[in-house]
1. Considering the range 32-71 alone, what residues qualify as being open to solvent by less than 60 Å² (accessible area, probe 1.4 Å) and in contact (Cβ under 8 Å) with a residue 40 or more places away in the chain?
2. Against the condition open to solvent by less than 10 Å² (accessible area, probe 1.4 Å) and of a type in the set (S, T, N, Q), how does Ser82 come out, does it pass?
3. Out of contact with any Leu (no Cβ under 6 Å at 6 or more places or on another chain) and surrounded by 13 or more Cβ atoms within 10 Å (Cβ to Cβ): which single residue out of Ala146, Ala118 fits that description?
4. Only one of these conditions is not met by Leu166: (1) of a type outside the set (Phe, Trp, Tyr); (2) open to solvent by less than 20 Å² (accessible area, probe 1.4 Å); (3) not in a helix (DSSP H, G or I). Which number is it?
5. Just to check your reading of the model, which residue among Phe202, Phe106 is aromatic (Phe, Trp, Tyr) and either under 30 Å from Arg17 (Cα atoms) or buried (at least 20 other Cβ atoms within 10 Å of the Cβ) (or both)?
6. Please report, ordered by residue number, the helices (runs of 4 or more DSSP H) entirely within the range 1-100 with at least 3 residues that are over 16 Å from Leu119 (Cβ atoms) and within 12 Å of the ligand (Cβ to nearest atom).
7. Suppose the filter is under 21 Å from Phe106 (Cα atoms) and open to solvent by 40 Å² or more (accessible area, probe 1.4 Å); does Thr26 pass it?
8. Does Thr174 fit the bill of being farther than 28 Å from Ile78 by Cα, among the hydroxyl-bearing types (Ser, Thr, Tyr) and at pLDDT 90 or above?
Amino acid sequence: MSNKPMILVVEDDAAVRNLMAVTLETQGYRYHLARNGAEAMIEATTHQPDVMLLDLGLPDMEGVEIIRKVRSWTNLPIIVISARSEDADKVEALDAGADDYLTKPFSVDEMLARLRVALRRVNADPQGASQEAAVYRNGGLRIDYAAGCAFMGEAEIHLTPIEYKLLCLLAKNTGKVLTHNYIVKEIWGGCTASEVGSLRVFMAMLRKKLQTGDGTQPYIQTHIGIGYRMLRVDRGAEDAP
Ligand code: CA
């Protein structure tokens with residue numbers, strides 16, 4: 001990216017907003033600030049930000065409403081900021097199309113880490129190209145969609161049909177937190193408590209099969225009470241031309 005990334009900060013709390021602005025400034029990001037939902041919509045349409053940081057507790061509009069509106073014309077990454085500790089509002093925001101979340105109080109390091117993940121998604125897949133690609137590559141992981149096989153390095157990963165579907169779903173949404181409900185709907189077509197339970201079991205097996213030689217598993221991240229995310233791994237085949 002030749003230009004500095006542009007971040008849109010939507011936050012009604014002046015102290016938090018200023019801290020975020022100062023942090024972005026010192027890290028070399030460009031930014032625009034919005035104090036409420038109405039300003040957010042104007043800024044999002046006029047400045048075409050690369051990432052939106054959206055506080056869910058705004059005076060004039062529900063965060064979910066803003067996400068739905070923004071999603072009607074753009075796929076830009078949205079990281080929601082939630083003041084509440086319960087997961088329901090985050091899950092609702094993710095199901096409405098948000099990519100990720102931060103819980104208040106958060107550190108500036110956490111915020112910057114989430115921004116890097118979001119920007120990596122944009123840079124890795126600027127036109128949504130991974131939706132169409134015949135082969136998915138991420139670190140040592142490779143999925144050959146046409147053949148219906150997945151590989152770690154040169155070795156084929158032996159997956160059950162459900163595990164393979166889960167892997168593909170996560171891969172096609174790399175960088176994005178997918179909720180339990182969303183995954184269950186995509187895989188089984190419905191959503192009951194027993195399916196969410198099954199999902200945990202299948203996901204545990206899949207994660208185990210993705211372990212690398214040193215026993216770590218850098219690909220699928222678990223968000224307790226919320227869902228799962230495929231992370232972009234910056235090494236191995238990913239760096240090859
Ligand atoms: Ca607020």
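1. Pro49, Asp50, Val51, Met52, Leu53, Leu54, Asp55, Gly57, Leu58, Ile66
2. Working: open to solvent by less than 10 Å² (accessible area, probe 1.4 Å): yes; of a type in the set (S, T, N, Q): yes.
In short, yes.
3. Details: Ala146 fails: surrounded by 13 or more Cβ atoms within 10 Å (Cβ to Cβ).
Only one candidate passes the filter, namely Ala118.
4. The failed condition is (3).
5. Working: Phe202 fails: either under 30 Å from Arg17 (Cα atoms) or buried (at least 20 other Cβ atoms within 10 Å of the Cβ) (or both).
Result of the check over Phe202, Phe106: Phe106.
6. On the way: elements: 14-26, 37-47, 63-71, 88-95.
In the range 1-100, 14-26 are the helices (runs of 4 or more DSSP H) which contain 3 or more residues that are over 16 Å from Leu119 (Cβ atoms) and within 12 Å of the ligand (Cβ to nearest atom).
7. Values: under 21 Å from Phe106 (Cα atoms): yes; open to solvent by 40 Å² or more (accessible area, probe 1.4 Å): yes.
When the stated conditions are applied, Thr26 passes them.
8. Numbers: farther than 28 Å from Ile78 by Cα: no; among the hydroxyl-bearing types (Ser, Thr, Tyr): yes; at pLDDT 90 or above: yes.
It is false that Thr174 is farther than 28 Å from Ile78 by Cα, among the hydroxyl-bearing types (Ser, Thr, Tyr) and at pLDDT 90 or above.
The values are calculated or read from the model by the stated rules, or taken from the named source; none is laboratory data. Just so it is clear, the model here is predicted, and its values are computed rather than measured. Because the Cβ atoms are built from the backbone with ideal geometry, glycine has one as well, and the counts that use them run over all protein chains shown. For the accessible areas, the whole protein counts, side chains as well, though only heavy atoms, and no ligand, DNA or RNA atoms are used. Shrake-Rupley method; radii C 1.70, N 1.55, O 1.52, S 1.80 Å.
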